[in-house]
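The values are calculated or read from the model by the stated rules, or taken from the named source; none is laboratory data. What you see is a predicted model, and the numbers here were worked out from it, not measured in a lab. So basically every Cβ, Gly included, is an ideal-geometry build from the backbone, and we count neighbours across all protein chains shown.
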């Protein structure tokens, strides 16, 4: 047999040999609190194969295992290449490193196709290639390389899964023979091209969604893309048949179906659509809804949980209130109708991180509660540092927070407990992503600590629930693409640029959502002038030629384009 480094990975596959068979029990991953089955050890002798996989091979069933992921195969000829590309981790790139069950030499992503039926050994075992392996953060942690996982699908070295068609026994040295090739045009590499690298090819998405032998995980991803595109086309056609303005914000009527006092300062509200949208899909994590209240005010609040047609908000009574929270607390009642506009999110789940550290204060928990619950459900290692005024009376959604168990560290100000943000940042585990939402002082301190420790903007997310928008008056020259002309406007000390723009141009020309600097919806082009940048959604590079109209303020005179 030729050394792995000399294997022609483009040669057609008709037969190969299993060099090693590996299985594992679930165990705690080093440096984390979660279990993994990636540490597979060599097995000898004949090993039973059932429809669930190899004997004594345990899986984290959230992402691994099940009929479509019964057995994982990987080409050991990839390991020398990984060693050259990542010499700092060369010792960790060895057979078994990817948690594979079958270590083979010639079968690889370029010559294995979805739906291939193969026989293994002489005991009647039949397997079918079902899925490309979907890499996750555990590979980053396994090899101690940040953001390593995407390299696997970019270079088509992920491996693949088998489903079991016929049970039996296998052992190292057994020959794998190609019995039937049902989808010769769809190698694992080509599937990965459209699964990961070129996701917007409508024709290919439709073709891939029609491959009946592809496992649910990938096939349904293609089906969702097809459905999403068709829904988008229907909405575009409906808009063009109406007033032709697809970008116009759509306001829907929702009824308050439940209002509940969570704490003396915080109430929860459940809103239900009068006319549910059957194509609304799932609610995004970390989303916030834009409300237009009967008193004319427009405000955005974090969605605690729910669907686009029925969701829950947690709202604190501001001191002093700008009018929105006081209306909802003191005037709004069950059965009242409230209009809901854009539902957006600016939080991107950091799937490459090994650890997820949340820092929240008071009502700031509403921005992250659904994420924390989801991360716990999918076994992502997460920790919540939560500061409250009084743990006995000032904890909203208490049952849900308590259900997070020992991943929560609560700080009770009534008992003299203070959250030490500097200590939290100094003690961050390797490859952590931090999410922060709380009072201005908490946010500022977290920003200073993140900067002092050299954390990149892709490693920390700041979600404000309030913003200081006042300041010195300034003048702005506005060029409007629709009007093809410019006008000069004045922004007063107690009003925002966004408010002035909406007053003169309307909601359609100046979209917005969160209005506290989180989401970036209200971003405008900065043509000239100095800006006091506020909010968190713009990267440092973006601030050279853009500003957030909801919170940032010009200095003297500026020129913008909308």
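What do you reckon, is residue 258 assigned by TED's automatic domain parsing to the domain that holds residue 328, exposed (fewer than 15 other Cβ atoms within 10 Å of the Cβ) and part of a strand (DSSP E or B)?
When the stated conditions are applied, residue 258 passes them.
Can you give me the number of residues within segment 216-249 that are modelled with pLDDT under 85 and surrounded by 12 or more Cβ atoms within 10 Å (Cβ to Cβ)? It would help to see each step written out before you state the result.
Initial filter on segment 216-249 (modelled with pLDDT under 85): 231-249.
Cutting the leftovers down to surrounded by 12 or more Cβ atoms within 10 Å (Cβ to Cβ) gives us 231-232, 235, 239, 246, 248-249.
Within segment 216-249, residues that are modelled with pLDDT under 85 and surrounded by 12 or more Cβ atoms within 10 Å (Cβ to Cβ) number 7.
So which residues in segment 451-469 are under 22 Å from residue 145 (Cβ atoms) and either assigned to a helix (DSSP H, G or I) or in contact with a helix residue (DSSP H, G or I) (Cβ under 7 Å, 6 or more places away or on another chain) (or both), if there are any at all?
Of everything in segment 451-469, those that are under 22 Å from residue 145 (Cβ atoms) and either assigned to a helix (DSSP H, G or I) or in contact with a helix residue (DSSP H, G or I) (Cβ under 7 Å, 6 or more places away or on another chain) (or both) turn out to be 453, 460.
Hey, residue 322 hits all of (1) assigned to a loop (DSSP other than H, G, I, E, B); (2) in contact with a helix residue (DSSP H, G or I) (Cβ under 8 Å, 6 or more places away or on another chain) but one; which does it fall short on?
All conditions pass for residue 322, except number (2).
So, in segment 35-54, of the ones that are surrounded by fewer than 18 Cβ atoms within 10 Å (Cβ to Cβ) and closer than 19 Å to residue 92 by Cβ, which residue ends up nearest to the chain's Cα centre (by Cα)?
39
Could you tell me whether any residue of segment 271-280 is at pLDDT below 95 and in contact with a helix residue (DSSP H, G or I) (Cβ under 6 Å, 6 or more places away or on another chain)?
yes
Go through segment 542-562 and give me each residue that's closer than 22 Å to residue 345 by Cβ and surrounded by fewer than 18 Cβ atoms within 10 Å (Cβ to Cβ).
542, 543 - these are the residues of segment 542-562 that are closer than 22 Å to residue 345 by Cβ and surrounded by fewer than 18 Cβ atoms within 10 Å (Cβ to Cβ).
Hey, can you tell me all the residues within segment 419-457 that are over 23 Å from the mean Cα position of the chain (by Cα), at pLDDT below 95 and within 22 Å of residue 391 (Cα to Cα)?
Listed by number, the residues that qualify are 439, 440, 441, 442.
From the list 179, 164, 170, 125, exactly one residue is closer than 30 Å to residue 380 by Cα and modelled with pLDDT of 95 or more. Which is it?
164
Going by the structure shown, is residue 302 touching a strand residue (DSSP E or B) at 6+ places or on another chain (Cβ under 6 Å) and buried (at least 21 other Cβ atoms within 10 Å of the Cβ)?
Judged against the criteria, residue 302 is a match.
Please state which one of 381, 406 is surrounded by fewer than 20 Cβ atoms within 10 Å (Cβ to Cβ) and either closer than 25 Å to residue 349 by Cα or at pLDDT 95 or above (or both). Show your work before the answer.
Values: 381 fails: surrounded by fewer than 20 Cβ atoms within 10 Å (Cβ to Cβ).
It is 406.
Only one of 390, 394 is surrounded by fewer than 15 Cβ atoms within 10 Å (Cβ to Cβ) and either in contact with a strand residue (DSSP E or B) (Cβ under 9 Å, 6 or more places away or on another chain) or part of a strand (DSSP E or B) (or both). Can you tell me which?
The conditions single out 390.
Which number in (1) part of a loop (DSSP other than H, G, I, E, B); (2) touching a helix residue (DSSP H, G or I) at 6+ places or on another chain (Cβ under 6 Å) marks the one condition that residue 30 misses?
The failed condition is (2).
Being part of a helix (DSSP H, G or I), outside the structural domain of residue 62 (by TED's automatic domain parsing), surrounded by 20 or more Cβ atoms within 10 Å (Cβ to Cβ) and under 17 Å from the mean Cα position of the chain (by Cα): is that true of residue 372 here?
Yes, satisfied.
State all residues of segment 472-496 that are without any contact (Cβ under 8 Å) to a residue 60 or more places away in the chain and either outside any strand (DSSP E or B) or touching a helix residue (DSSP H, G or I) at 6+ places or on another chain (Cβ under 8 Å) (or both); if no residue qualifies, say none.
Hits for segment 472-496 are 473, 482, 483, 484, 487, 489, 490, 492, 493, 494, 495, 496.
Kindly provide the set of residues from segment 476-521 that are at pLDDT 90 or above and within 30 Å of the chain's Cα centre (by Cα), ordered by number.
Matches in segment 476-521: 498 only.
Between 139, 178, which is touching a residue at least 24 places away in the same chain (Cβ under 8 Å), in a helix (DSSP H, G or I) and either in contact with a strand residue (DSSP E or B) (Cβ under 8 Å, 6 or more places away or on another chain) or surrounded by 15 or more Cβ atoms within 10 Å (Cβ to Cβ) (or both)?
139
Being farther than 15 Å from residue 115 by Cβ and in contact with a helix residue (DSSP H, G or I) (Cβ under 6 Å, 6 or more places away or on another chain) is the filter; apply it to segment 151-175 and report the residue that is surrounded by the most Cβ atoms within 10 Å (Cβ to Cβ).
Among residues in segment 151-175 that are farther than 15 Å from residue 115 by Cβ and in contact with a helix residue (DSSP H, G or I) (Cβ under 6 Å, 6 or more places away or on another chain), the one surrounded by the most Cβ atoms within 10 Å (Cβ to Cβ) is 158.
Scanning segment 522-541 for residues that are on the phi < 0 side of the Ramachandran plot and over 27 Å from the mean Cα position of the chain (by Cα), which turns out surrounded by the fewest Cβ atoms within 10 Å (Cβ to Cβ)?
Applying the filter and picking the extreme gives 528.
Can you tell me which residue in segment 11-27 is surrounded by the fewest Cβ atoms within 10 Å (Cβ to Cβ), limited to those that are assigned to a strand (DSSP E or B) and at pLDDT 95 or above? Quick ask: steps written out before the conclusion?
Of all residues in segment 11-27, those assigned to a strand (DSSP E or B) come to 15-17, 20-23, 27.
Now restrict to residues that are at pLDDT 95 or above: 16-17, 20-23.
Details: 16: 22, 17: 15, 20: 19, 21: 25, 22: 21, 23: 18.
Per the stated criteria, the residue is 17.
Can you list the strands (runs of 3 or more DSSP E) found entirely within segment 43-131 that contain at least 1 residues being touching a residue at least 40 places away in the same chain (Cβ under 8 Å) and under 19 Å from residue 24 (Cβ atoms)?
Answer list for segment 43-131: 47-50, 71-75, 102-104.
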